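Here is the structure we will look at.
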Amino acid sequence: ADKLRTQQELERLQAKYIGTGHPDTTSWEWKTNIHRDTYSSLVGHPPLLSYMALAENEPAAKVRARLIRKMLQPTGPPPPREGEEPMLIDRKADS
């Protein structure tokens with residue numbers, strides 16, 4: 001009974017928090033989740049954002065916008081699946 005309850009709790013957490021992963025999570029998905037969590041934490045905590053802006057000698061709004069844009073594909077495009085072409089996002093449009 002405890003093993004079943006533990007498994008159900010794990011499945012509930014994985015459904016609620018996508019970043020917790022599961023046995024089929026790829027390396028790319030895991031890295032993407034970690035990067036997005038980090039960027040969202042930096043953007044969501046004003047002292048951390050101010051610290052980064054000061055260290056980079058950039059306005060906080062500019063650093064915030066850059067971090068939010070990086071959340072689209074923080075670790076690059078996803079690896080191609082069998083028989084698919086790689087997916088790319090045009091970064092020139094952001095500049």
Treating only Lys and Arg (+1) and Asp and Glu (-1) as charged, each at its beta carbon, one finds that the range 23-76 has a dipole about its Cα centre, in Debye to the nearest 20, of 220
Taking protein heavy atoms only, a 1.4 Å probe, and rounding to whole percent, the accessible area of the chain owed to carbon and sulfur comes out at 58
Nearest-0.05 FRET efficiency for LEU72 and ARG12 at R0 = 30 Å, using Cβ-Cβ distance, is 0.55
A chain fully extended from ALA61 to ARG81 at 0.36 nm per residue, minus the present Cα-Cα distance, gains in nm 3.5 nm
Taking Lys and Arg as +1 and Asp and Glu as -1, residues besides HIS35 with C-beta under 13 Å from its C-beta add up to +2
Result: in the chain the number of Lys pairs with C-alpha under 25 Å apart, spaced 8 or more or on different chains, is 9
The correct ranking of GLU82, GLU56, GLU11 by accessible area at 1.4 Å, largest first, is GLU82, GLU11, GLU56
Given (i) 13.5; (ii) 16.0; (iii) 15.3 as possible values of Kirkwood radius over Cα pairs in Å, the one from the coordinates is (ii)
Ordered by number, the chymotrypsin sites (Phe, Trp or Tyr not before Pro) in the range 1-81 that occupy a DSSP loop and have at most 12 other Cβ atoms within 10 Å are TYR17
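The values are calculated or read from the model by the stated rules, or taken from the named source; none is laboratory data. This one's a predicted model, so the numbers in the text were calculated from it and none came from an experiment. Every residue, glycine as well, gets a Cβ built from its backbone with ideal geometry; the counts of neighbours run over all protein chains shown. Accessible surface areas use protein heavy atoms only, side chains included; no ligands, DNA or RNA. Shrake-Rupley method; radii C 1.70, N 1.55, O 1.52, S 1.80 Å.
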